[in-house]
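Quick notes on the structure that follows.
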Amino acid sequence: MRFPLILTPDDNGHLTVSCQSLPELATSGETLEAALENARAAIIAAIGQRIAHGVPVALPIHRGGGPTVELSALIGAKVALHNALLDNDLRRLDLAKRIGARTAHLDRLLDLDHRSRLDELEEAFEALGQVLEVRAVARTA
């Protein structure tokens, strides 16, 4: 998950950061590095809020060029699981029943700070009739 950013200098010499995929995101930094670091934290917080409130997370579209923030594959899998629940009009409780787990287990699977195991995510996707695919691609500059 690579989120393209819009950086705009403000009157104080800071860089304000926005993101088309997450219009609620607003952060800034005194330097490019600080702006990108703050953007990463703000993106994760915005996604966490969307998950907490049952709102879909739009997948970013990166067309090349410009600054981006890349999130981990684990966060990407959790976002995909959240969106799959919404697409199937299911609650966490419904999926927990399907896999024979407690709701707290599903809460952890969707918690962006929890280091969930890949096999647990695969089991959740399987219960939704989906397959979690993982692939490695060459990093582009």
- Check off (1) in contact with a Leu (Cβ under 6 Å, 6 or more places away or on another chain); (2) of a type in the set (Val, Ile, Thr); (3) modelled with pLDDT under 95 for ILE75 and give me the number that stays unchecked. (3)
- Query: Out of all the residues in the stretch 16-52, which are among the β-branched types (Val, Ile, Thr) and under 27 Å from LEU106 (Cα atoms)?
  - Reply: ILE43, ILE44, ILE47, ILE51
- Message: I'd like the residue in the stretch 1-30 that is surrounded by 15 or more Cβ atoms within 10 Å (Cβ to Cβ) and more than 18 Å from the chain's Cα centre (by Cα) and, out of all such residues, is farthest from VAL69 (Cα to Cα).
- Response: HIS14
- Kindly check whether there is at least one residue in the stretch 31-44 that is assigned by TED's automatic domain parsing to the domain that holds ASP10, surrounded by 14 or more Cβ atoms within 10 Å (Cβ to Cβ), out of contact with any helix residue (DSSP H, G or I) (no Cβ under 6 Å at 6 or more places or on another chain) and closer than 16 Å to SER116 by Cβ. yes
- Members of the stretch 31-63 found to be in contact (Cβ under 8 Å) with a residue 24 or more places away in the chain and among the small types (Gly, Ala, Ser), listed by number: ALA35, ALA39, ALA42, ALA46, GLY48, GLY54, ALA58
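The values are calculated or read from the model by the stated rules, or taken from the named source; none is laboratory data. Note that the structure is predicted; figures quoted are calculated from it, not measured. For neighbour counting, all protein chains shown are included, and Cβ atoms are generated from backbone atoms with ideal geometry for every residue, glycine included.
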